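Input: a single structure, listed below in structure tokens.
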Amino acid sequence: MTASFLFTGIILLFDWKNQNWLESILLLFIVAIFLFYRKQSLANENHLHALLDNVSDAIITIDAKGSILSVNNAVEHMFGYHLSELLNNNIKKLMSAPYKELHDSYLSNYQKTGQKHIIGKTREVDALRRNGEIFEVELWVHELNYKGSVQFMGVIRDISERKHVDKIKTEFISTVSHELRTPLTSIRGSLGMLKSGVLGKVPEKADRMIELAHNNTERLINLVNDILDVEKIQAGKIELKLESINITDLVKQSMASNDAYAASCQVSLQLEENTANFQVYADNQRLQQVMANLISNAAKFSPENALVSISIKKENELVRVSVSDHGTGIPEEYRNKIFQKFSQVDSTDTRQKGGTGLGLNITKAIIDHHGGHIDYSSEEGKGSTFFFELPEYHVPNLKPTQEPLPSAAGIVTTIGKKVKSHGHILVLEDEKDIATLLSLLLEQQNFKVTTCSNSNDAKQLLEENQFDAITVDIRLPEQDGLSFVKEVRSKETGKCIPIIIISAEAELNKNKTPSALRIIDWIDKPINTEHLNKALQQAITKSPNHQTTILHIEDNSDLIEMMSGLLANKAVVIHAESVQSAKEKIASETFDLIILDIGLPDGSGLDLIPLINEKKPLVPIIIFSAQVVEADIINQVDAALVKSKISNEELVDVIKKLTLSSGNNNV
Ligand code: ADP
């Protein structure tokens with residue numbers, strides 16, 4: 001600046017001498033303007049620098065090769081480097097694996113293809129401090145065009161503290177979930193048993209107290225479950241198991257599940273006529289939860305003897321489910337609050353209707369996650385209609401829907417996708433076509449099959465493998481089927497194995513054969529598939545008098561006692577309170593079902609799943625835990641139940657269903 005003044009002064013002096021003073025004044029004026037703007041722009045630049053240096057986010061610009069061009073103060077604080085150690089260095093200096101290795105290819109890929117993978121997006125990545133510490137950051141990258149050359153600007157936010165707090169919060173929530181759900185489950189279970197009278201009659205006054213305690217336990221459980229659900233939704237952890245669902249079936253199911261509650265409010269539920277069959281692509285249990293909330297609200301806020309009607313309609317490719325009541329209605333001033341957390345029109349301590357004020361918040365989050373829309377119309381004193389809309393799903397070939405396990409209001413059960421082999425069958429049959437047919441039939445029923453055409457091979461296979469049953473043809477080359485059975489029964493290893501005769505002469509030989517051979521069944525050729533299935537079920541179930549044995553892996557003594565009470569006279573319940581003792585029992589005993597808790601004193605119950613799934617025939621597993629399990633775990637088991645979200649009756653129903661499917665019918 002001083003130089004420009006000197007330079008201008010000399011010119012002015014020269015011009016003045018030449019008497020060209022007008023020109024001199026003009027020049028002076030131009031220089032003054034230039035100097036003014038330059039000062040202004042320097043001031044702006046300094047201001048901008050000061051601003052950038054005072055933001056807490058780190059801001060870095062790099063060139064197209066990744067070389068650092070500028071950094072603000074926060075970069076030095078965040079990463080622990082001095083400015084001089086960063087300028088002209090590659091940005092990879094601040095990155096940890098695997099981002100470090102990938103960065104060059106990101107840049108060159110972008111230059112070659114123009115495809116933006118990270119530009120314009122906010123991502124969570126790991127960064128590397130000077131002291132070697134890896135920490136989590138949120139990174140936003142933007143492309144700049146500066147004086148004709150490409151540059152990239154990265155804005156980096158240190159989120160390690162936030163992540164740490166999140167972790168503590170998650171741990172706290174999971175502790176609360178476990179600590180509250182488990183005792184509440186045993187309280188409710190025990191009160192439920194007292195209430196149902198299975199433990200004997202209690203005096204009338206005590207009965208009233210039990211009823212009171214039971215209802216309040218329900219309220220507490222609902223609150224805990226709602227809080228945990230909200231937390232899960234907030235953390236973005238809501239996982240949807242999307243499938244094609246017939247909405248009418250779903251609505252009917254949820255009406256049935258909530259009918260008892262409606263009846264307790266002296267309200268009847270009605271499905272409007274002319275409901276067509278629409279499919280939606282949704283999570284069955286989450287939609288049941290939505291319906292449960294809308295139906296229970298409608299019933300709760302209706303007067304006695306009122307009707308709650310439910311309709312299913314299609315409007316512009318959207319399937320709309322509405323729940324209408326003739327209840328209290330909602331004052332207009334609540335319109336913006338009704339879907340918010342803990343929002344209740346009557347929030348006084350003395351309010352008549354129970355509830356947490358969380359239901360509609362959860363309901364809205366579920367519908368939003370499905371890409372749907374929820375709203376309501378209401379007139380105070382006249383009633384309300386809550387409705388949600390989901391896109392119609394067009395299925396090319398409709399398959400029959402899977403029969404769901406019992407479920408009430410809320411997420412109760414999750415059906416696992418474990419492919420169950422019902423056992424390993426040895427087929428002794430010399431006719432190739434029949435052997436192939438039998439294999440196909442049995443494999444369709446999920447049996448593992450090994451075929452052989454003569455008794456010698458069969459004996460060898462029996463020595464080398466563990467079969468759950470054998471089917472034997474009578475007419476065989478070399479040794480006939482019945483003498484083969486005699487030989488098998490004479491050996492220690494073959495005394496108990498179930499045997500079924502499948503022969504064109506089955507009926508003929510049935511009465512001539514001594515009962516000591518303990519043939520489970522005689523099936524004539526051509527084979528009646530139903531007869532064969534029945535025989536095999538019986539074979540695998542060992543004997544009709546077989547007592548269902550359940551292994552209950554659980555460390556909470558109250559819950560152990562409750563389960564024993566619940567299944568008394570229905571099954572033999574063996575307990576294991578740790579992973580170690582469960583391992584020993586699984587290895588040495590045979591069970592028809594395993595009920596598994598996750599949090600055990602010496603480890604996670606989940607570690608036992610591979611071991612259980614190795615058992616032949618496969619043992620059904622129910623996870624019964626305070627935690628909600630991830631989808632990949634659910635696929636390895638038969639059902640995942642959340643403690644406190646399932647009633648005694650529902651639990652017994654699931655157990656019944658699973659023990660029946662494994663061939664037992666005693667529960
Ligand atoms: P909760 O029912 O557990 O209190 P919700 O979130 O489901 O919580 O509902 C919040 C509030 O919205 C209720 O307390 C009630 O004031 C109002 N509300 C919801 N549904 C209805 C309805 N069908 N009729 C009247 N008020 C309703």
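Quick notes
- Using a cut-off of 32 Å between Cα atoms, the listed pairs LYS495/LYS656; LYS65/LYS169; LYS92/LYS241; LYS382/LYS643; LYS205/LYS353 include LYS65/LYS169; LYS92/LYS241; LYS382/LYS643 as exceeding that distance.
- Per the Debye calculation on the range 428-480 with a single equal scatterer at every Cα and no solvent contribution, log₁₀ I(q)/I(0) for q = 0.17, 0.21, 0.26 Å⁻¹ amounts to -0.51, -0.77, -1.10.
- Annotation note: trypsin sites (Lys or Arg not before Pro) in the range 225-271 located in DSSP loop regions with a Cβ neighbour count of at most 11 within 10 Å are LYS237.
- Share, in percent, of DSSP beta bridges within the chain that are antiparallel, nearest 5: 60
- For peptides 92-98, 383-389, 207-213, sequence by mean Cβ density within 10 Å, most packed first: 383-389, 92-98, 207-213
- Rounded to 10°, Cα long-axis angle of helix 481-490 versus longest principal axis of the chain: 80
- Of every Cα-Cα pair in the range 104-160, the percent that sits beyond 18 Å: 43
- Highest mean first, the peptides 161-172, 642-653, 369-380 sorted by other C-beta atoms within 10 Å per residue fall in the order 642-653, 369-380, 161-172.
- In degrees, nearest ten, helix 247-264 long axis to first principal axis of the chain (Cα): 80
- For the range 58-211, the equivalent ellipsoid derived from the alpha-carbon gyration tensor has semi-axes of 59, 17, 12 Å in decreasing order.
- For the range 60-144, alpha-carbon Rg relative to the globular expectation (2.2 N^0.38 Å, N residues): 1.06
- Local net charge near ASP207, Cβ-Cβ under 9 Å (Lys/Arg +1, Asp/Glu -1): +2
- Peptide packing for 499-508, 583-592 was compared via the average number of neighbouring C-beta atoms within 10 Å per residue; ordered from the highest value, the list is 499-508, 583-592.
- This model, with +1 at the C-beta of Lys and Arg and -1 at the C-beta of Asp and Glu, gives the range 145-251 a dipole about its Cα centre of some 240 debye.
- Residue-count net charge about HIS103 - beta-carbon cut-off 11 Å; Lys, Arg +1, Asp, Glu -1: +2
- Size descriptors for the chain: radius of gyration and Dmax over Cα atoms are 36.9, 145 Å.
- The range 247-327 - Kirkwood radius from inverse mean 1/r over Cα pairs (Å): 12.8
- In the chain, the DSSP-assigned H stretches of four residues or longer account for a calculated mean residue ellipticity at 222 nm of -14000 deg cm²/dmol, using -39500 (n - 2.57) per stretch and the full residue count as denominator.
- Top positive-direction residue, dipole computed over the chain with Cβ charges, set ASN54, GLY80, LEU22: LEU22
- Neighbour net charge for LEU437 - beta-carbon separation under 12 angstrom, K R +1, D E -1: -2
- For the range 548-602: rounded, prolate or oblate by the Cα gyration tensor [a/c cutoff 1.5]: oblate
- Residue-by-residue Karplus 3J(HN,Hα) for the range 307-319, coefficients 6.51, -1.76, 1.60, Hz, glycine and proline x: 10, 10, 10, 10, 10, 10, 9, 10, 10, 6, 6, 10, 8
- Helix 21-54 and the long axis of the chain differ in direction by around 30°, with both axes built from C-alpha atoms.
Rule-based calculations on the coordinates, nothing more; no lab input. If you're wondering where the values come from, they're calculated on a predicted model, not measured in any experiment. Reconstructed Cβ throughout: ideal geometry from the backbone, glycine too, with neighbour counts over all protein chains shown.
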